[in-house]
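Read-outs throughout are calculated quantities, based only on the coordinates presented, and are distinct from any laboratory measurement. If you're wondering where the values come from, they're calculated on a predicted model, not measured in any experiment.
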Amino acid sequence: MSLDGATVLAGGGFLCWELNGVADRVMEACDPNDIEYVAAWSFHQAIAEIAQNNVKMGVGNVDSGEVDLPLFARQLRFNLEDSSWAKVLIEFESENPGF
């Protein structure tokens, strides 16, 4: 995906309309009470982190294959620890011991 027009904001923020649009479409297709929803958001966060670093280094694109499992898992765990996902976290941990 092209990062044309992507902007690293003051204070560490990042804005990429194309990347956000893809995330919106994926998340709209997910049940907002399901693990797929938080997984889609976690993947978006992970790829946005990589995209931001790519922009900083002058790389003009990002590929979903750049997201590795440890980065995705870190974001998923962080998001699932929010109290609003307590039920989903319990279910996820029971199905994925040691995660």
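Here are the numbers for the structure shown:
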{"read-out": "Percent breakdown of C-alpha pair distances by 5 Å bin, ordered from the shortest bin, for the chain", "value": "2, 13, 22, 22, 18, 12, 7, 4, 0"}
{"read-out": "Backbone HN-Hα couplings from phi across the stretch 38-47 [Karplus 6.51/-1.76/1.60, Hz, Gly and Pro as x]", "value": "5, 5, 4, 5, 5, 5, 4, 4, 5, 6"}
{"read-out": "For Val59, residues with placed amide H under 5 Å, excluding near neighbours", "value": "none"}
